[in-house]
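The values are calculated or read from the model by the stated rules, or taken from the named source; none is laboratory data. Everything numeric in this text was worked out from a predicted model, so none of it was measured. We place every Cβ from the backbone using ideal geometry, glycine too, and count neighbours over all the protein chains shown. The protein model used for the area step is the full one, side chains on, heavy atoms only, and it has no ligands, DNA or RNA in it. Shrake-Rupley method; radii C 1.70, N 1.55, O 1.52, S 1.80 Å.
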Amino acid sequence: MRELSDNIMVIYQDTKSNYWFGSWKDGLYKYNGKTIIQFTPKDGFPDNRVEEIKEDKFGNLYFNTSKGIIKYNGYNFSILQKTIGHIERWGYLRMIYGSKILRMHNLFIDTMELFYIN
């Protein structure tokens with residue numbers, strides 16, 4: 001069994017009972033009950049710093065990182081693209097409890113930046 005980093009910032013259990021560990025500087029870890037897998041930029045995960053982890057109703061995972069919000073669809077990681085527009089046009093915001101990420105329909109807001117989820 002591979003060891004976790006000593007700088008874990010966030011722990012999240014997804015709907016498939018996997019545990020995800022976001023670290024301050026050593027990337028992302030996934031524990032499926034048997035093995036630990038580490039994801040870093042050399043493994044295709046765009047950043048080594050993970051501040052928050054959330055899951056949508058379709059099972060996609062979202063990681064708030066210093067490089068932006070990263071989406072994981074179960075196979076690939078992708079950085080969400082920023083969008084431009086007036087926030088008033090998108091209606092009401094709903095906060096995901098305990099998160100720095102605000103969600104509204106298919107839009108995520110990280111601090112003052114807007115991201116469209118496709």
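State the number of residues belonging to segment 44-59 that are in contact with a strand residue (DSSP E or B) (Cβ under 6 Å, 6 or more places away or on another chain) and within 12 Å of D14 (Cβ to Cβ). Can you show your working first?
We begin by selecting, within segment 44-59, every residue in contact with a strand residue (DSSP E or B) (Cβ under 6 Å, 6 or more places away or on another chain); these are 44-47, 49-55.
Next cut, within 12 Å of D14 (Cβ to Cβ) only: 53-55.
The total comes to 3.
Does segment 21-32 contain any residue that is free of Cβ contacts under 8 Å to residues at least 24 places away in the same chain, polar (S, T, N, Q), open to solvent by 70 Å² or more (accessible area, probe 1.4 Å) and not in a strand (DSSP E or B)?
Scanning segment 21-32 turns up at least one residue that is free of Cβ contacts under 8 Å to residues at least 24 places away in the same chain, polar (S, T, N, Q), open to solvent by 70 Å² or more (accessible area, probe 1.4 Å) and not in a strand (DSSP E or B).
From the list I11, I53, exactly one residue is among the β-branched types (V, I, T) and more than 17 Å from F77 (Cα to Cα). Which is it? Let's see the steps before the verdict.
On the way: I53 fails: more than 17 Å from F77 (Cα to Cα).
Only one candidate qualifies: I11.
Among the residues of segment 41-49, is there at least one that is surrounded by 12 or more Cβ atoms within 10 Å (Cβ to Cβ), out of contact with any His (no Cβ under 8 Å at 6 or more places or on another chain) and part of a strand (DSSP E or B)?
no
Could you check, for segment 83-106, whether at least one of its residues is open to solvent by 80 Å² or more (accessible area, probe 1.4 Å), basic (K, R), at pLDDT below 95 and part of a loop (DSSP other than H, G, I, E, B)?
For segment 83-106, residues open to solvent by 80 Å² or more (accessible area, probe 1.4 Å), basic (K, R), at pLDDT below 95 and part of a loop (DSSP other than H, G, I, E, B): present.
Has segment 7-18 got any residue that is open to solvent by less than 30 Å² (accessible area, probe 1.4 Å), modelled with pLDDT of 95 or more and assigned to a strand (DSSP E or B)? Outline the logic, then answer.
Step one: filter segment 7-18 for residues open to solvent by less than 30 Å² (accessible area, probe 1.4 Å), giving 7, 10, 14, 18.
Remaining after also requiring modelled with pLDDT of 95 or more: 14, 18.
Filter once more, keeping what is assigned to a strand (DSSP E or B): none.
So far as segment 7-18 goes, no, none of its residues is open to solvent by less than 30 Å² (accessible area, probe 1.4 Å), modelled with pLDDT of 95 or more and assigned to a strand (DSSP E or B).
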